[in-house]
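Structure, as structure tokens:
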Amino acid sequence: MADFHYDRDADGVAVISWDVPGRRMNIMSWDCLLELSEHFDRAIADERVKGIVLTSSKADFAGGMDLDVLANMRARGGGDAARRVFDGVMEFHRIFRKIELAGRDPKTGAGGKPVVAALPGTGVGIGYEIPISCHRIIAADNPKAVIGLPEIKVGLFPGAGGTTRLVRRLGVPNAAPLLLKGSTPGPDKALALGTIDEVVPAGDLMERAREWVLSAGPEDITKPWDRKGFRIPGGGAYDRKGYMNFVGASAMLSGETSGVYPAANALMSAIYEGVQVPFDTALTIEARWFSKVLLNPSSTNMIRTLFLDRKQLEKGARRSPEVPRRDMRKIGVVGAGMMGSGIALSAARAGLDVILLDRDIDTASRGRESAAAILRKDAARGKLTADKQAGILERIVAADTFESLNGTELVIEAVFEDPAVKRDVIHKIGQSVGPDCVIATNTSTLPVTGLAEAVRDAERFLGMHFFSPVHRMMLVEIIRGKRSGDAAVALALDFTSRIRKTPILVNDARFFYTNRCIIPYLNEGIRMVGEGVAPALIENSARHAGMPVGPLQLIDETSIDLALSIAKATRAALGDAYQDDDVDAVLATLAKAGRYGRKAKAGFYTYDKGGRRLGLWSGLNESWPGQSPPPQLVRDRLLYVQALEAVRAFEAGVLTDLREGDVGAVLGWGFAPWSGGPFSWLDIVTAERAVTECGTLEDRFGPRFKVPETLLRMAAAGTGFRDQ
Amino acid sequence: MSEAFIYDAVRSPRGRGNAKGALNSVTAVDLSAQMVDALQERSCVDSHHIEDLIWGNVTQVGEQGGCLARATVLLSSLPDSVPGLSVNRFCASGLEAVNLAAADICAGATAALAGGVEMMSRVSIGSDGAAVAVDPRLAIGCAFVPQGISADLIATEFGFSRQDCDAYAVESQRRAALAWEEERFGRSVIPVRDINGLEILSHDEHMRPDTDMAGLAELNSSFTDIGTGTPGFDRVATLKYPHLERIDHVHHAGNSSGIVDGAAAVLVGSREFGGKSGLRPRARIRSFAKIGSEPTIMLTGPMPAAERALSRAGMNVGDIDLFEVNEAFAAVPLRFMQALNVDHDRLNVNGGAIAFGHPLGATGAMLLSTALDELERSGKSTALITLCVGGGMGVATIIERV
């Protein structure tokens, strides 16, 4: 217990200081909330207290709500989930409203004590919703601090008054973008946006806070929305100006998200309905929508995948505890192309020294230069200081001899995707590095166990599948070859977390996990083109199902010839079992027309000279004319074909942990993030319905929709993958 | 059940719907009362037979709010014993008012006045707000787009080019000009007067008879920016129409209905009412109907509404001599002709709202009187009047001369 320290000084300033034991960052739990409430009761009741400072004894104020609590809220609710969740949320409102009024009589305006939030560092989520309930927010000029409401990023929206208060503080046009993007700016930016009131040197924080509460008058402790005649800045829903804002906001949200994110829609409703009523009614409305979101499986799944599972994987959930952690200082990257330079940059940003090696120093330097270009872009956008930029770049050293890899703890090979070239490079790396150095191949398709033959000691060899562009993609798929050792795996997992990416660990098999699932998605799109389905229907349906990019656009990006060469290799490996002739026929037609994808400025789409996508190629309709299946059928085919493959990967033991199955899918290839990933999606659909629907799809479209055993069993037992 | 008959119909000329428009100085209730009084004066009805004033009006705020129908009764020569009902079925309100009056007659009433008004120069369109556009549950849930996007969606879906729409608009202007030239509207159009009896406006003010293809070609499409730019309504529309890669933005000010002021009134009564009042009915209301349709494409309601009305009357498309389909946007009548296989020489023969303008709450009643005049002039028998309606609805009425 005792998550807070309470202290009253001689001037009558009560300091309530948040300090959750055993944690680096304060985090809000249910007990914590009740304790906070008691401290405020005490300070408000104590006549000797003139004002209250709410702060933290840690470097930061608070990191938000304990999402485990929220994730479990629905389950704990049992039969009357809606009631319990709603009552729970209203309790937050009651307590924060008490802080906001601080003993003032809302009718007469009499009484009340000044309450200031003094933020030494980061305050996000509920760590900002409490401060915005106080009368003033003063932040230290801590360069590491971020302040705001990022809830939307994990499938929620601010539901402890943050939505209602921010909208009334800033107005809809200014507040809505922050809420919808989940922006968490630093203190200076927050001050400029108006989300906080004051930034002071870190050393003056508490003094300034005391000074303010002791000098604050009755006007200072009355929130704008508690004053007579308050009007929401920027207009309400049916003001001349406000009306058009709302028309535009809903349209933009539908357009950008296809309306598939329940939390974003609920946020918009809470804002729209909230601005039309008095403050306390608005809080009740916010609580209703927040409860609705908590009760929605999409939100529960998003929290689980994007926050809980992901954090666990980043913290080494799959790492063998037997292997001691190694201090990592220097790595090598061989191949200074787009992937290699991206990996080098990520490592350098995490403070590692990087040897970036290629066949000659010019090529290696060009790789270093493309990393520098990305840094310059970040610096131009104000994300990076010039000092830091120089420091990061200094850590990347261009090299052209394998000897320079000496002294590295990890070398990642990222040369051209050709087995012979890779073997040669891997062999040379093995001969040049020390015995403890782990060697990884960055490959998206080549079997790792085969490449392992190029090193004498295959225990230290494994695959690391990075995604393009490396500096933006958050996932690394680590492939354990048949002979990869635990130590190598542990180091690869640690390295991935170190460069702030999320690792999943899979076993070696054709296309591993991610490509195994995404190839069927691409193929299904191509196959539909061959069937004569309107290409726009394919692309739009994919996006409306929540996929970030349609299959045809994705194929164009990765190129038709790559697809054909993968198809050729797959056909060779599978022989008679090969099922994708119809796909290849479409690809061959495009190839014959010289339409190799974006790089050729012609593919499924047409492009202008600069490579800007103009529209779908009209030749598609001419070669494969007219069919218009219901959009739902197109969406079903595109999602099931991926999800069933994920289940097969799990059955085949390629994937061994469902958390990785969901996290890898969402971060790796953008599988409908609203669903939480393919396994979570199948749970939303329910195994029973999936079996029925896939049965129909199998009859109409072939054995790729054959229901895997696991799903059949779940349908019979009424269970799910993640929802037990 | 008794049958409903149309005994007479009048309308005001349409004034341009801005501050420079001739009717900008006239209040909504004044213009409404002038039409009611004109009809009364012309038919010399014992006003005690009038059992209701049913008045179409869309933007029911300010001077058009607070049950404008009752206010109209009080300002007009009608006795206090006549109640008033303001109705809003968006663009079809004026026709819906006539249909409601007819229903009242069928249920036993003797006579009712119906019609509508919209003073668009005085009460801005949309100023009454609309949950469907701003409440996220509706706007997101139903994929709301503004009507112009819907009209462009119809053009894209059913293959009407900018050329098609512009050619339609030029023809509408030509027909409208000819109709005025030949004084085909003389019987129905009542000049609007000021409080001293001085004439304010006697002709439709919005027409541009010199419209040609070259002139229209110079106009920029009106909905490209909100469709493809901010906030991007085209993406919203493709949520419902995913087979479309893009929407062709073909509509502009020259091939869409104009914003105007105007009012119209229709006297509806039972057969017995004619006997009591010594009036001969001009037409019988054969049937009427209303439907709801898909709200994103929104303006395709006239077809199912017409089909329902035809079916109720036991008629086929071939039994109708004249069609009046409101020209909200050129694609609406174009789609109607395409879907029901109707020739343009049977449809909107004296022009339509592209030339005259579209005073929202009044147009339905205006189209009815226009159709009736033309039946009489050309010696034809049956007409079907229909309008597309915001939110995805349609209203239709079939009349037959007696």
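Throughout, read-outs are computed from the coordinates displayed, never taken from laboratory work. All values derive from a computational prediction rather than experimental measurement. Cβ coordinates were reconstructed from backbone atoms using ideal geometry, including for glycine residues, and neighbour counts include every protein chain displayed.
Can you tell which of B:ALA109, B:ALA131, B:ALA306 shows the greatest fluctuation in a Gaussian network model of chain B with Cα springs below 10 Å?
B:ALA131
Which of B:ALA151, B:ALA283, B:ALA339 moves the most in a Gaussian network model of chain B with Cα springs under 10 Å?
B:ALA339
For A:HIS427, what is the net charge nearby, where nearby means another residue's Cβ is under 13 Å from its Cβ and Lys, Arg count +1, Asp, Glu -1?
Spelling it out: positives minus negatives among the neighbours equals 0.
A:THR502's amide H: which non-local residues (gap 5+, or another chain) put their own amide H closer than 5 Å, with H modeled 1.01 Å from N in plane and none for Pro or chain starts?
Residues meeting the amide H criterion: A:LEU475, A:VAL476.
Which number comes out as Rg/Rh for the stretch A:515-717 once both Rg and the Kirkwood Rh are worked out on C-alpha atoms?
0.97
What is the stretch A:161-276's relative contact order, in percent, from Cα pairs under 8 angstrom and six or more apart in sequence?
Relative contact order here is 37 percent.
With unit charges on the beta carbons (Lys and Arg positive, Asp and Glu negative) and the dipole taken about the Cα centre of the protein assembly as shown, which residue among A:ALA270, A:VAL663, B:PRO13 sits farthest to the positive side?
Result: A:VAL663.
Please work out the FRET efficiency for the pair B:VAL61 and B:GLU41, using the Cβ-Cβ distance as r and a Förster radius of 25 Å; give the result to the nearest 0.05.
Calculated value: 0.25.
Please state the Cα pair-distance histogram of chain B with 10 angstrom bins from zero: what percent is in each bin?
Pairs per bin, as whole percents: 5, 25, 35, 25, 9, 1, 0.
In whole Å and largest first, what semi-axes does the C-alpha gyration tensor of the stretch A:330-509 yield when each eigenvalue is scaled by 5 and square-rooted?
26, 17, 14
For the stretch A:515-717, what does the relative contact order come out to in percent, with C-alpha contacts under 8 Å and a separation of six or more?
Relative contact order for the stretch A:515-717 comes out at 23 percent.
Using only alpha carbon pairs under 8 Å that are at least six residues apart, calculate the relative contact order of chain B and give it in whole percent.
Relative contact order of chain B: 28 percent.
Can you find, among B:THR397, B:ALA309, A:MET474, the residue sitting farthest towards the positive end of the charge dipole of the protein assembly as shown, where Lys and Arg contribute +1 and Asp and Glu -1 at Cβ?
Most positive-ward Cα: A:MET474.
Could you please report the charge total around B:ALA111, scoring K, R as +1 and D, E as -1 over all other residues with beta-carbon less than 10 angstrom from its beta-carbon?
The answer is -4.
Which whole-Hz ³J(HN,Hα) couplings does the stretch B:247-252 yield from phi under the Karplus relation 6.51 cos²θ - 1.76 cosθ + 1.60, θ = phi - 60°, glycine and proline marked x?
9, 7, 8, 9, 8, 8
Quick check on the stretch A:665-724: what are the equivalent-ellipsoid semi-axes from the Cα gyration tensor, as sqrt(5λ), descending, whole Å?
After diagonalising the Cα gyration tensor, the semi-axes are 20, 16, 8 Å.
Could you give the longest part of chain A that holds none of the GluC sites (Glu not before Pro) found in DSSP loops with at most 13 neighbouring Cβ atoms within 10 Å?
Answer - A:323-724.
In the structure shown, do any of A:LYS58/A:LYS223; A:LYS50/A:LYS189; A:LYS189/A:LYS223 have a Cα-Cα gap over 26 Å, and if so which?
A:LYS58/A:LYS223; A:LYS50/A:LYS189
Say R0 is 45 Å: what FRET efficiency, to the nearest 0.05, do A:ALA380 and A:GLU91 get from their beta-carbon distance?
That pair, A:ALA380 with A:GLU91, gives E of 0.45.
HN-Hα J couplings of the stretch A:548-553 from phi, Karplus 6.51/-1.76/1.60, θ = phi - 60°, integer Hz, Gly and Pro as x?
x, 9, x, x, 6, 5
Where Lys and Arg each count +1 and Asp and Glu each count -1, what net charge lies around A:LEU446 among other residues with Cβ under 15 Å from its Cβ?
Cβ neighbours under 15 Å give a net charge of 0.
Running a GNM on chain B with Cα contacts under 10 Å, which residue among B:GLU294, B:GLU183, B:GLU157 ends up with the highest mean-square fluctuation?
Highest fluctuation among the options: B:GLU183.
Which ³J(HN,Hα) values, rounded to whole Hz and listed in residue order, are derived for the stretch A:491-501 from phi using the Karplus coefficients 6.51, -1.76 and 1.60 in 6.51 cos²θ - 1.76 cosθ + 1.60 with θ = phi - 60°, glycine and proline given as x?
5, 5, 5, 4, 4, 4, 5, 4, 8, 6, 10
Placing +1 on the Cβ of each Lys and Arg and -1 on the Cβ of each Asp and Glu in the stretch B:160-264, which of B:VAL236, B:HIS251, B:ILE200 has its Cα farthest towards the positive end of the resulting dipole?
B:VAL236
For the stretch A:696-724, list residues with backbone N below 20 Å from a point placed 7 Å from the Cα of A:GLN579 toward its Cβ?
A:696-715
Across 5 Å bins from 0, what is the distribution of all Cα-Cα pair distances for the stretch A:4-299, in whole percents?
Percent of Cα pairs in each bin: 1, 6, 12, 17, 19, 18, 14, 8, 4, 1, 0, 0.
Charges at C-beta only: +1 for Lys and Arg, -1 for Asp and Glu. How large is the resulting dipole of the stretch B:1-118 about its Cα centre, in Debye rounded to 20?
560
Taking every Cα atom in the protein assembly as shown, find the radius of gyration and the maximum pairwise distance Dmax, and write them in Å.
Using the Cα atoms of the protein assembly as shown, the pair Rg, Dmax is 35.6, 115 Å.
Between A:SER56 and residues 5 or more places away or on another chain, which pairs have amide H atoms under 5 Å apart, with H built 1.01 Å from N, and which residues are they?
A:TRP18
Taking amide H positions as placed 1.01 Å from N in the peptide plane, with prolines and chain starts having none, which residues 5 or more places from B:LEU347, or on another chain, fall under 5 Å of its amide H?
Amide H neighbours of B:LEU347, under 5 Å, 5+ apart: B:PHE323.
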